[in-house]
1. Determine, for the chain, the count of lysine pairs separated by eight or more sequence positions (or lying on different chains) whose alpha-carbon distance falls under 24 Å.
2. ALA33: net charge of surrounding residues, Cβ under 14 Å, Lys/Arg +1, Asp/Glu -1, itself excluded?
3. If you rank TRP189, TRP145 by fewest surrounding Cβ atoms within 10 Å, what's the result?
4. Going through segment 64-139, which GluC sites (Glu not before Pro) have at most 16 other Cβ atoms within 10 Å and a DSSP loop state?
5. Between helix 74-85 and the chain, what is the angle of the helix's C-alpha long axis to the longest principal axis, kept within 0 to 90° and rounded to the nearest 10?
6. Specify the inter-centroid distance of segment 1-58 and segment 230-260, based on alpha-carbon positions, in whole Å.
7. Modelled label-to-label distance, CYS273 and ARG246, 7 Å Cα→beta-carbon offset: nm?
8. Can you give me the P(r) profile for segment 223-310? Cα pairs, bins 5 angstrom wide beginning at 0, each as a whole percent.
Amino acid sequence: MAGGSTRAIVAAMVANGGIAVAKFVAFGVTGSASMLAEGIHSVADTSNQGLLLLGGRRAKREATPAHPFGYGRERYFWSFVVALVLFTLGGLFALYEGWEKIRHPHEVTSVGWAVGVLVFAIVIESLSFRIAIQESNTVRGDRTWSQFIRTAKTPELPVVLLEDAGAMFGLVLALFGVTMTLVTGEPVWDGIGTLAIGVLLVIIAAILTIEMKSLLLGESAGPEDRAGIVGALEASPGVVRIIHLRTQHLGPEELLVGAKVELEPGLSFRAVCDVIDAAETRMREAVPAARVIYLEPDVFDDGHVGAPDRLDH
């Protein structure tokens, strides 16, 4: 796992752990449903960061005969589990608590405690969110935040980003619910705030689930890496053209590349091997993530399914 991802995860784990304790203390004093939902949310987030670290550690295992391409996708799997935990333990619980609080409102006591803890949590969470943004900016390039979430091959940063964003907005919603309860004297506002938190968490969990599912199924190289692979292969001495190309991420920093290429005619068997070896070396220099490469010499045919219009896209 990249150092930036680890830093963002650890920062989020420390922040969420401390915030969870503060929220549960406030819930015990105030009886606020919003505080309980936020406390459960923080526990879920803290557990999720632990799962992300676990995935990064397990992904480093060496390849085995049963898993010859290694365990890089462990990071995608545990990020997918994080999305499910966020949905069930965070979102669904908050929806249930909010609905119950609206049906059976209970007076919120010691509102000052709730407000103080929420303000404290917003400050701490904003620091964690800032670190996640800084680390993401180092790899985001010129992509918008929406594009980064959809196209990032490293799962941890989008997960931490969305979790921190959800936590920030959730805290604001909880503060809104508690404040409205204080102003109006109607405890139903506490339930409304809790319900809104649940909706927010379910939406974030759905986005993460969709993106992690796509990575688990196997995504191709991004446009920049794909262009680098094609450019290196086409510029290799002895290579006439690319007939067929496919790429797939075996992990965030590992690509599987398979291609059929037309070589210059009349090459000896030894020369064919040398051309392929040189092409693989050139591709790895252009795109270091291209670690597993299979090149097959073939003859170009306009009517063949492997024609150039079948390049990876």
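Just so you know, all these numbers are worked out from the coordinates, no wet-lab data involved. Computed from a predicted model, the values in this text were never measured in an experiment. FYI the Cβ positions are ideal-geometry reconstructions off the backbone, even for glycines, and counts take in every protein chain you see.
1. 4
2. -3
3. Details: TRP189 23, TRP145 14.
Fewest to most other Cβ atoms nearby, the residues stand as TRP145, TRP189.
4. Numbers: sites: GLU74, GLU97, GLU100, GLU107, GLU125, GLU135; in loops: GLU107.
Listed in order of number, the matching sites are GLU107.
5. Result, in degrees: 30.
6. 41
7. For CYS273 paired with ARG246, the spin-label model returns 2.7 nm.
8. 3, 15, 27, 24, 18, 9, 3, 0
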